[in-house]
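Structure record follows, encoded as structure tokens.
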Amino acid sequence: MGNTAFSQRKLTIGGGKDLPQRGSDNGQFNRDSLSGKPSRKAVKNDEAKIQDYLIITRENDTIQIDTTLSLNKDYKFNFLRKDDFELLPFSNMGQTYNTLSHDFKSSSIVPKIGATAKHFNYMDLDAIDYYRVPTPFTELMYKTAFEQGHVLDAFFTVNTSDQFNLSIAYKGMRSLGNYQHILSRTGNFRFTTNYNSKNKKYALRTHIVMQNILNQENGGISGEDLVSFESGDPEFTDRSLFDPLFENAQSNLKGKRFHMAQSYLIKERDSLNSNQISIGNLLTFEDKYYHFTQDANNSFFGDAFVSSNISDKSTHESFYAELNTCYSNETLGAFKASLGYNNYNYGYNSLVIVNNQTITNRLLGDVLSFAGAYQNKIGALHVKGDLGFNLTGKLEGNFINGDVSYAVSDDLGASARIHINSKAPDFNFQLFQSDYLSYNWRNNFRNQQTKQLAISVDSKKYGNFLIEYNTVSNYLYFAKNNDAVVKPFQYTGTLNYVRAKFSNEINYKKFALNNTILFQSVFDGDQVLNVPNLVSRHTFYYSNEFFKKALFLQTGVTLSYFSSYKMNAYDPLLSEFYTQNNTEIGDFPRIDFFVNAKISQARIFLKAEHFNSAITGYDYYSAPNYPYRDFVVRFGIVWNFFL
């Protein structure tokens, strides 16, 4: 669906979209490279201030560019460039992630291509931001990888005039990995424009994104080698000595997208008029494909039609157009209504006949949809909500979101939200074709329906608390059938899933202890949705300034842990995780030691990752048959330039 949010100005401190962490700066250290006053040293434009360098999200939230160093920046200094507290990475950078917790909140009412394990680094519409800067701004991010590789994310933006901004960015990564045949290579190119007319009535935003995510696949290490891995045999500390299940396959996800959003202010609010009316439209075209190839067939996936040159390629083309209008009143609030059209085309280039049954090659159609949204602020009370549903077409779907928040004081706020969603299964649940016989199906599953009720309390003094209650009907998942073949399934009952999350920070002088704890449980369906009951992260660190405040330093230790549970397994042909109920994984600590520093506009990160690996035992995995990362020291830097 299209954008159903309204414009607002939101300047957050020290962490972009995240809530500020209480005491993360000890009251004095979380200062930006540019002060609120004009600076001749940092910016050649004497009138430019750090507050003028703005990020504008797709939902029109305005966020100040943040060049500070904080613990949140350490949490986000990874391949995804976001806090991965609820994710467990595989051994090589650029591989997939296992999911330790689930958020069922979604406003999507049209299926996606599938191959969800390939999409952690795939930038969707909401991941693309727009900018407004008084002077050219550059950010360079670099981090070492695992054996012969690195990741570099380079970004540049400039306002050619007060009305027009453009940005260009590219994130490239290559990492060989420590195990055989797990090379990862990715590229994410982004180009954006942001234009506002001089009279402020017309606005235009566009972006072009091209992405390529490639992974060599090896199926994990063999069962015999798992014994050698867990024994800690010094002979096998060189992980390249392990034999993977196969060494001749790779998976590739490619996509390109063009997006344009326009709006025109018909009636402007002024001193004599409290009403404002605007109209707008959206156009989005996205073309992507997922391709699994293998030089020769392997018994790991069962029998095949061919003995060599396995090639499974699914394509998905999507075109979305929307017309919308927005009315706002200082007293009544803001209303938005939109009418959307979606054309989709998913499938393959040939028919497949298995057991005298013909499996079609295409799912295509048109969907007409409606969406509406409302928000208002009355004193300390903020109310917002949106809804959407498909009017015509083969795909049924709808969503309703409601959110109420109340600022009790400057220190304390509370909110409650409700979410309801019904969406057709992703396309690879409905239709899949492969050169392997068992990986061919055409299903007519019912819509998965989710309901979520969440309550949160945020306090700068005591921390942030969130509790969610989720029900999921007609839950869709992958699992092995009685013939040990991975297939899509639908749970006919209702899952009940509860999770509670608490985070806070305790400070004493220049020391701090940052804690995040997540408790969760699944009722009436724990055989199809498995999660660890406990996920936690604790960081004890020290912060101080040195050399007449030219250097800001943070150093400390982070302990991460999740309890043992029947972790999802990974299927490299589908690029999907599937439910398994035989092998328990978890209950191993991961301890990292870090030293982070900020000098001028450069933030430097040095980390000894999982340095306890040889001490606490070699029983750590990212998924069954896929060992987690060993001890490694990695270095990186984020450097900002203001011209």
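Bear in mind that the values in this text are calculations on the coordinates, not laboratory data. Only a predicted model underlies this, so the values are computations on that prediction, with no experimental measurement involved. Ideal geometry is used to build each Cβ from the backbone, glycine not excepted, and the neighbour counts take in all protein chains shown.
Just a few scattered comments:
- Centre separation in Å (Cα based) which lies between segment 184-245 and segment 434-506: 23 Å
- Each label was represented as a point 7 Å from its Cα along the Cα-to-Cβ direction; for ARG446 and GLN490 these points are 0.7 nm apart.
- Between ASN212 and TYR170, the contour length at 0.36 nm per residue exceeds the Cα-Cα span by 14.0 nm.
- FRET efficiency estimate (nearest 0.05) - Cβ-Cβ, SER108 to PHE335, R0 22 angstrom: 0.45
- Placing pseudo-labels 7 Å out from each Cα toward the beta carbon at PHE511 and PHE370 gives an inter-label distance of 6.2 nm.
- Subtracting the Cα-Cα distance of ASN533 and LYS394 from their residue separation scaled by 0.36 nm leaves 46.2 nm.
- Legend: ranking of residues SER350, SER175 from fewest to most surrounding C-beta atoms inside 10 Å; resulting order SER350, SER175.
- Distant alpha-carbon pairs in segment 438-548 (separation over 21 angstrom), percent: 57 percent
- Over the chain: helical MRE at 222 nm, DSSP H runs n ≥ 4 each giving -39500 (n - 2.57), nearest 500: -1000 deg cm²/dmol
- Taking other C-beta atoms within 10 angstrom as a stand-in for reagent exposure, THR358, THR315 fall in the order THR358, THR315, fewest first.
- Length-normalised contact order of the chain in % [C-alpha pairs under 8 Å, at least 6 apart]: 12 percent
- The simple spin-label model puts a point 7 Å past each Cα toward its Cβ; for THR293 and ARG362 those points are separated by 2.5 nm.
- Cross-link pairs beyond the 28 Å C-alpha cut-off, checked among LYS73/LYS118; LYS256/LYS313; LYS73/LYS288; LYS256/LYS377; LYS112/LYS460: LYS73/LYS288; LYS256/LYS377; LYS112/LYS460
- Two-site FRET efficiency, ARG81 against PHE191, from Cβ-Cβ distance with R₀ of 22 Å, rounded to 0.05: 0.75
- Gyration tensor (alpha-carbon) shape descriptor, the chain, a/c threshold 1.5: oblate
- Separation of segment 92-171 from segment 534-600 is 20 Å, based on Cα centroids.
- Sorted by Cβ neighbour density within 10 Å, fewest at the top, the residues LYS384, LYS198, LYS480: LYS198, LYS480, LYS384
- Residue-count net charge about SER338 - beta-carbon cut-off 15 Å; Lys, Arg +1, Asp, Glu -1: -1
- Applying 1/(1 + (r/R0)^6) with r as the Cβ-Cβ distance of GLU230 and ILE378 and R0 = 56 angstrom yields a FRET efficiency of 0.40.
- Stretched out straight at 0.36 nm per residue, the stretch from ILE599 to PHE540 would grow longer than its current Cα-Cα span by 19.0 nm.
- Nearby aspartates and glutamates by direct alpha-carbon distance to LYS509 (threshold 12 angstrom, same-chain neighbours under 8 apart not counted): ASP25
- Cβ-based net charge around LEU125, under 14 Å, with every Lys or Arg adding one and every Asp or Glu removing one: +1
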